[in-house]
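Coordinate-derived values only; no laboratory data. As the structure is a prediction and not an experimental result, all values here were calculated from the model. Using ideal geometry, Cβ is built from the backbone for each residue, glycine included, and neighbour counts are taken over all protein chains shown.
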Amino acid sequence: MAEARNKFKIRKGDRVVVLKGKDVGKEGEVTRVLTDKRRIIVDGVNIARRHQKATRATMQGGIIDKDMPIDISNVALVCSNCGPTRVGYRFDDEGKKVRVCRKCGGDV
């Protein structure tokens, strides 16, 4: 079976801004990419409150906040120079493929 590769332009560790939904305008860092479902988990965005029962792993029960997945089409990558942008690709001098900002042309 072939290894599942991330075919998206947004990766774990990227800074993104939410474009649609209840958290419009919020920024956060991508903590996980769910490639099979086309969703990402962003730190501090799309938070749901869960009622957690006390178990051995979590000694204390109660209501906890949990980051839920958001569709990858509802976020945009944040460029350090110009803000939210789309992503393009180019090849550098060594022949490596690098992501670039569509607005300013700088590396993302």
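Residues checked against (1) over 19 Å from K12 (Cβ atoms); (2) within 13 Å of the chain's Cα centre (by Cα); (3) not charged (D, E, K, R):
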{"site": "A48", "(1), (2), (3)": "yes, no, yes"}
{"site": "H51", "(1), (2), (3)": "yes, no, yes"}
{"site": "L77", "(1), (2), (3)": "no, yes, yes"}
{"site": "R90", "(1), (2), (3)": "yes, no, no"}
{"site": "D93", "(1), (2), (3)": "yes, no, no"}
{"site": "V98", "(1), (2), (3)": "no, no, yes"}
{"site": "R102", "(1), (2), (3)": "yes, no, no"}
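Applying the condition of being farther than 15 Å from K20 by Cα and touching a Gly at 6+ places or on another chain (Cβ under 7 Å) to the range 45-66 and asking which residue is surrounded by the fewest Cβ atoms within 10 Å (Cβ to Cβ) yields K53. Within the range 60-100, the set of residues being farther than 30 Å from A48 by Cβ, in contact (Cβ under 8 Å) with a residue 24 or more places away in the chain and not in a loop (DSSP other than H, G, I, E, B) comprises R99 only.
Is it the case that D23 is surrounded by 14 or more Cβ atoms within 10 Å (Cβ to Cβ), of a type in the set (D, E) and either out of contact with any Pro (no Cβ under 9 Å at 6 or more places or on another chain) or under 21 Å from K7 (Cβ atoms) (or both)? In short, yes.
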